[in-house]
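Notes for the one structure printed next.
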Amino acid sequence: MSAIRENITGQAAGSGGSTLRELFDRQRAAFHSAVPDYAKRLESLKSLEEVVLERQSEIVRAVNEDFGGRARQETLLLELAPLADLIRHAKRHLAKWMKPRKVRAGFNFFPAKAQIIYQPLGVVGIIGAWNYPVFLTLSPLIDAIAAGNHAMLKPSELAPRTAELLKNMIAAIFPEEYILVVTGDASTAAAFASLPFDHLLFTGSTRVGKLIMRAASENLTPVTLELGGKSPVIVHPDFPLRTAVERILTGKLYNAGQTCLAPDYVFVHESQPEGFAQLSRDVAQCLYPTWTKNSDYTRIINRSHYDRLTGYIEDAVARGARAIPLGNNTEGCNSENRVFAPVALLDVDDSMRVMQEEIFGPILPVMTYRKLEDALKYVNDHPRPLAFYYFDYDRDRAAEILRSTVSGGVTVNDVIFHIAQNNLPFGGVGPSGMGHYHGEAGFHAFSKQKGVLIQSRFSMLSFLRPPYGRFTDRVIRFLLRK
Ligand code: NAD
């Protein structure tokens with residue numbers, strides 16, 4: 001705790017020598033002096049859109065350097081395109097979202113009126129993760145701006161070049177007392193989380209999510225936690241297996257598996273694991289004919305994550321799993337260049353670390369079931385995941401599966417892409433997170449939904465004052481009617 005205090009009063013890297021607390025206080029004072037109105041929010045969204053689109057090559061370069069090799073198309077398609085889409089969506093709907101919403105006052109209060117007013121909360125904090133370092137830092141900012149807040153951002157220190165670039169981009173378009181980026185290591189992040197924000201949105205691991213919630217509780221700061229976990233896939237035997245494999249592997253191998261929504265493990269019918277593994281080899285080789293010199297294949301972020309993944313395979317094999325390499329031409333993939341060629345694991349069980357921890361890399365355990373209920377029971381006996389994927393064209397069966405599982409979100413007959421729907425709230429449940437953002441859900445997350453009752457000149461309540469008489473008793477009998 002004392003280290004955190006030092007950091008709050010210590011200097012925030014690159015912010016003109018001010019402490020984090022001073023920066024926060026300045027933002028709060030600025031917010032109180034002029035709460036952003038519709039015009040300012042719209043202008044800010046436009047500025048954000050412009051800077052992202054104008055500086056896309058710099059962004060691609062910074063992310064590429066942080067990963068030591070990140071597919072250019074992945075930065076553009078999976079980070080910048082959805083970001084631009086979310087900004088356009090917010091601009092289009094902002095006026096409607098901001099409108100006070102009239103609701104019916106209770107019949108007993110006739111003719112009073114009721115409405116919900118969406119009010120900005122104040123100064124919000126956003127802590128991002130490294131795996132999609134631009135999207136995960138700037139997409140919550142879109143919602144925070146739309147809702148009329150000031151914001152402080154802390155990108156991940158594991159993507160330092162991107163963090164510096166974000167700081168530079170934001171400083172170029174917004175004054176520090178409105179929106180600013182703070183860079184620094186985990187101790188800066190811890191100090192950041194201890195500021196008395198009006199809301200704090202964190203993206204990262206479940207382990208650090210608990211620390212964030214603990215720090216926020218000191219200030220009773222409400223949190224949105226976007227965490228991780230093991231997102232399962234179940235494939236029904238009637239579903240065309242090749243199509244399932246193509247969709248699963250494409251999603252699994254984006255960013256070399258370093259995706260919070262990546263399918264973590266797959267359940268197939270007990271008659272299919274060998275076929276699934278063989279098709280996975282075919283598909284992986286079509287997607288990536290080579291590995292070490294292939295700029296389409298992203299590298300693992302650092303050596304320790306590379307070693308963690310290698311350790312999963314060694315541990316699983318030592319406990320009886322079969323490792324099936326999915327790539328050809330994988331010689332030269334090593335912890336120096338951090339190219340990790342994908343591997344499927346058959347005959348896995350829960351004694352293996354790979355089935356206990358979020359994989360966050362290109363390893364795909366394949367589980368089997370005899371009856372669909374057995375696979376569902378396994379999923380339901382484990383922590384509630386961020387995402388769940390089910391492959392089946394039978395709508396009734398799919399609907400039943402949706403009813404009987406709880407997860408942050410679902411894509412049926414594909415993976416990951418529910419995140420790219422601007423009209424769907426995005427967020428985990430239980431250990432995979434709490435709260436939602438994106439689109440209107442994000443606008444609400446960063447707004448106070450203030451309930452307002454407007455009493456009329458004539459009020460029925462004036463008949464219900466003491467001294468109570470027969471009329472009051474009649475009203476009570478009516479209210480408590482059976
Ligand atoms: P992480 O938890 O290690 O770090 C996330 C952020 O927390 C970083 O910015 C870091 O600076 C900060 N941090 C570290 N220690 C802290 C502390 N003591 N107090 C406050 N902040 C601290 O996560 P990561 O390795 O960057 O990301 C991987 C994890 O994030 C995976 O579990 C993944 O599933 C999850 N994730 C979730 C989503 C989502 O949208 N739900 C998206 C991407 C990643």
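The values are calculated or read from the model by the stated rules, or taken from the named source; none is laboratory data. Remember, predicted model here, so these are calculated numbers, not experimental data. Positions of Cβ are backbone-derived with ideal geometry, glycine not excepted, and every protein chain shown enters the neighbour counts. Protein only, heavy atoms only, side chains kept; ligands, DNA and RNA dropped before computing areas. Shrake-Rupley method; radii C 1.70, N 1.55, O 1.52, S 1.80 Å.
Considering each residue of region 393-407, count those that are part of a loop (DSSP other than H, G, I, E, B) and more than 26 Å from the chain's Cα centre (by Cα), and give that number.
Counting residues in region 393-407 that are part of a loop (DSSP other than H, G, I, E, B) and more than 26 Å from the chain's Cα centre (by Cα) gives 2.
Condition test on residue 429, is it surrounded by 15 or more Cβ atoms within 10 Å (Cβ to Cβ) and more than 16 Å from the ligand (Cβ to nearest atom)?
No: the conditions fail for residue 429.
Of all residues in region 452-482, which are in a loop (DSSP other than H, G, I, E, B) and either of a type in the set (A, V, I, L, M) or open to solvent by 100 Å² or more (accessible area, probe 1.4 Å) (or both)?
457, 458, 465, 467, 468, 480, 481, 482
Are any residues in region 379-397 buried (at least 17 other Cβ atoms within 10 Å of the Cβ) and over 11 Å from residue 231 (Cβ atoms), and if so, which ones?
Result: 390, 391, 392.
Check off (1) surrounded by 18 or more Cβ atoms within 10 Å (Cβ to Cβ); (2) in contact with an Asp or Glu (Cβ under 9 Å, 6 or more places away or on another chain) for residue 30 and give me the number that stays unchecked.
(1)
Given the conditions (1) open to solvent by less than 20 Å² (accessible area, probe 1.4 Å); (2) more than 19 Å from residue 360 (Cα to Cα); (3) not assigned by TED's automatic domain parsing to the domain that holds residue 83, and given that residue 242 satisfies all but one, which numbered condition is not satisfied?
Of (1) open to solvent by less than 20 Å² (accessible area, probe 1.4 Å); (2) more than 19 Å from residue 360 (Cα to Cα); (3) not assigned by TED's automatic domain parsing to the domain that holds residue 83, only one is false for residue 242: (1).
Out of all the residues in region 284-298, which are surrounded by 21 or more Cβ atoms within 10 Å (Cβ to Cβ) and outside any loop (DSSP other than H, G, I, E, B)?
284
Quick check on this structure: which one of 279, 253, 249 is open to solvent by 10 Å² or more (accessible area, probe 1.4 Å) and over 20 Å from residue 378 (Cβ atoms)?
Criteria check complete, one pass: 279.
With 324, 313 as the choices, which residue is in a strand (DSSP E or B) and of a type in the set (A, V, I, L, M)?
324
So if I check each of 363, 324, which one is among the aliphatic types (A, V, I, L, M), closer than 19 Å to residue 244 by Cβ, surrounded by fewer than 20 Cβ atoms within 10 Å (Cβ to Cβ) and in contact with a strand residue (DSSP E or B) (Cβ under 6 Å, 6 or more places away or on another chain)?
Matching residue, one of 363, 324: 324.
Just to be sure, is residue 272 without any contact (Cβ under 8 Å) to a residue 60 or more places away in the chain and surrounded by fewer than 23 Cβ atoms within 10 Å (Cβ to Cβ)?
So residue 272 fails the test.
Would you confirm whether or not region 45-56 contains a residue that is in a helix (DSSP H, G or I), farther than 30 Å from residue 72 by Cα and of a type in the set (Lys, Arg)?
No - not one qualifying residue is present in region 45-56.
Taking into account only those residues within region 220-229 that are among the aliphatic types (A, V, I, L, M) and within 23 Å of residue 259 (Cβ to Cβ), which is farthest from the ligand (Cβ to nearest atom)?
223
Is it fair to say residue 410 is open to solvent by 20 Å² or more (accessible area, probe 1.4 Å), away from the ligand (no atom under 12 Å from the Cβ) and in a strand (DSSP E or B)?
Considered against the rule, which asks whether it is open to solvent by 20 Å² or more (accessible area, probe 1.4 Å), away from the ligand (no atom under 12 Å from the Cβ) and in a strand (DSSP E or B), residue 410 comes out as yes.
For region 57-147, which fully contained strands (runs of 3 or more DSSP E) count at least 1 residues that are more than 21 Å from residue 38 (Cα to Cα) and more than 16 Å from the ligand (Cβ to nearest atom)?
Output list reads 101-103, 113-120.
Working only within region 338-356, note down all residues that are open to solvent by 40 Å² or more (accessible area, probe 1.4 Å) and in contact (Cβ under 8 Å) with a residue 40 or more places away in the chain.
Once the filter is applied, which keeps residues that are open to solvent by 40 Å² or more (accessible area, probe 1.4 Å) and in contact (Cβ under 8 Å) with a residue 40 or more places away in the chain, region 338-356 yields 338, 353.
Of the residues 205, 217, 194, which is open to solvent by 10 Å² or more (accessible area, probe 1.4 Å), over 26 Å from residue 361 (Cα atoms) and near the ligand (Cβ under 9 Å from one of its atoms)?
On inspection, the qualifying residue turns out to be 194.
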